[in-house]
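Colleague: One structure, as structure tokens, below. Some questions next.
The values are calculated or read from the model by the stated rules, or taken from the named source; none is laboratory data. Bear in mind the structure is a predicted one, so any value in this text is a computation, not a measurement. Counting neighbours? That spans all protein chains shown, and the Cβs are built from the backbone with ideal geometry, glycine included.
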Amino acid sequence: MTNDLLNKPAETAAELHPLIRDRWSPRIFDSSHHLSLEEVQSLGEAFRWSASSFNQQPWHVVFARSGSDLFQGVSEGLNEFNQQWATGASVLAVVLANQFEDGSPRDKAATFFDAGIASSQLVTQVEAMGLKAHYMGGIEHDALSITVNAVDRDVVCVIAIGKQGSLANQTEKLVSREITPRSRLDPTAIYTIDHKIA
Ligand SMILES: Cc1cc2nc3c(=O)[nH]c(=O)nc-3n(C[C@H](O)[C@H](O)[C@H](O)COP(=O)(O)O)c2cc1C
């Protein structure tokens, strides 16, 4: 990583592994960067090897690499705000959840929980590869469903993945959004140890 790249490590109340501490969601990507097929396969494997309820693996992820027709199609399925920055990514990954198992409906909460943790595992692999990811829920679900041929799967989110870009030569608006500090609720609002929730 070169020095002009922004780092936004979490301010933590206890020690944290760098893969988790240093993950954050940038909007400035190096649009000249491309991911090899092997690199994208590694992301697919991280997703594939996530845990799931009854090992039913109710998910699929479609990777669209920059320069492909599919990347253009997925870009058009992002909302206007996300389109402004996410098209600089090297890959747009469309996460799908399957609410059916052998034609029978699955528990909805479990389905989306499973798809969520697989997405998180994929993003951890992104970080381990020195890349960055940004989840997006601001998407056109119906349009994306057609774009990727989701059929009976639900479109959950799109993840922009790529090499973090430099702040140089970016618009003031984008830079000011990018440098906004990360924040979280107080630890006491989030986790409780050795006693009931107060
Ligand atoms: C499911 C989900 C949907 C999100 N949707 C968007 C989005 O549409 N556009 C966007 O710019 N950021 C989106 N985000 C990113 C969050 O705003 C970001 O994760 C949050 O502000 C915390 O910042 P951090 O990831 O840098 O710690 C989304 C995150 C998640 C998990």
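Colleague: In segment 23-38, which residues are touching a Leu at 6+ places or on another chain (Cβ under 9 Å) and more than 20 Å from ALA64 (Cβ to Cβ)?
Modeller: Selection gives TRP24 alone.
Colleague: Go through (1) more than 20 Å from MET136 (Cβ to Cβ); (2) within 14 Å of the ligand (Cβ to nearest atom); (3) of a type in the set (A, V, I, L, M, F, W, C); (4) more than 14 Å from the chain's Cα centre (by Cα) for LEU6 and report which single condition fails.
Modeller: The single condition LEU6 does not satisfy is (1).
Colleague: Can you pull out every residue in segment 172-198 that is within 16 Å of the ligand (Cβ to nearest atom), loosely packed, with under 10 Cβ neighbours inside 10 Å and closer than 30 Å to GLN84 by Cα?
Modeller: Selection gives LYS173, THR180, PRO181, SER183, LEU185.
Colleague: Applying the selection to segment 131-170, what residues are away from the ligand (no atom under 11 Å from the Cβ) and aliphatic (A, V, I, L, M)?
Modeller: If the condition is that a residue be away from the ligand (no atom under 11 Å from the Cβ) and aliphatic (A, V, I, L, M), then LEU131, ALA143, LEU144, ILE146, VAL148, ALA150, VAL151, VAL155, ILE161, LEU167, ALA168 are the ones that fit.
Colleague: Quick one: would you say VAL123 is away from the ligand (no atom under 13 Å from the Cβ) and either over 24 Å from GLN41 (Cβ atoms) or buried (at least 16 other Cβ atoms within 10 Å of the Cβ) (or both)?
Modeller: No.
Colleague: So which residues in segment 4-26 are among the acidic types (Asp, Glu) and within 24 Å of GLN170 (Cα to Cα)?
Modeller: Selection gives ASP4, ASP22.
Colleague: Among the residues of segment 156-198, write down those that are more than 18 Å from the chain's Cα centre (by Cα) and of a type in the set (A, V, I, L, M, F, W, C).
Modeller: LEU167, ALA168, LEU174, VAL175, ILE179, LEU185, ALA189, ILE190, ILE193, ILE197, ALA198
Colleague: Which ones in segment 12-39 are assigned to a loop (DSSP other than H, G, I, E, B), within 16 Å of the ligand (Cβ to nearest atom) and free of Cβ contacts under 8 Å to residues at least 12 places away in the same chain?
Modeller: THR12, LEU16, HIS17
Colleague: Further, regarding this structure: All but one of (1) assigned to a helix (DSSP H, G or I); (2) more than 16 Å from the ligand (Cβ to nearest atom) hold for HIS60, so report the exception by its number.
Modeller: Of the numbered conditions (1) assigned to a helix (DSSP H, G or I); (2) more than 16 Å from the ligand (Cβ to nearest atom), the odd one out for HIS60 is (1).
Colleague: Please work out which residue is surrounded by the most Cβ atoms within 10 Å (Cβ to Cβ), limiting yourself to segment 63-95 and to residues that are in a helix (DSSP H, G or I), more than 16 Å from the ligand (Cβ to nearest atom) and among the hydrophobic types (A, V, I, L, M, F, W, C).
Modeller: Only one residue tops the list, namely PHE71.
Colleague: Out of curiosity, is ALA189 modelled with pLDDT of 95 or more, outside any helix (DSSP H, G or I) and of a type in the set (Gly, Ala, Ser)?
Modeller: No.
Colleague: While we're on this one: Out of the residues in segment 143-174 that are modelled with pLDDT under 95 and in a helix (DSSP H, G or I), which is nearest to LEU35 (Cα to Cα)?
Modeller: Here the residue is LEU174.
Colleague: Looking only at residues in segment 96-116 that are under 21 Å from PHE47 (Cα atoms) and small (Gly, Ala, Ser), which one is surrounded by the fewest Cβ atoms within 10 Å (Cβ to Cβ)?
Modeller: ALA109
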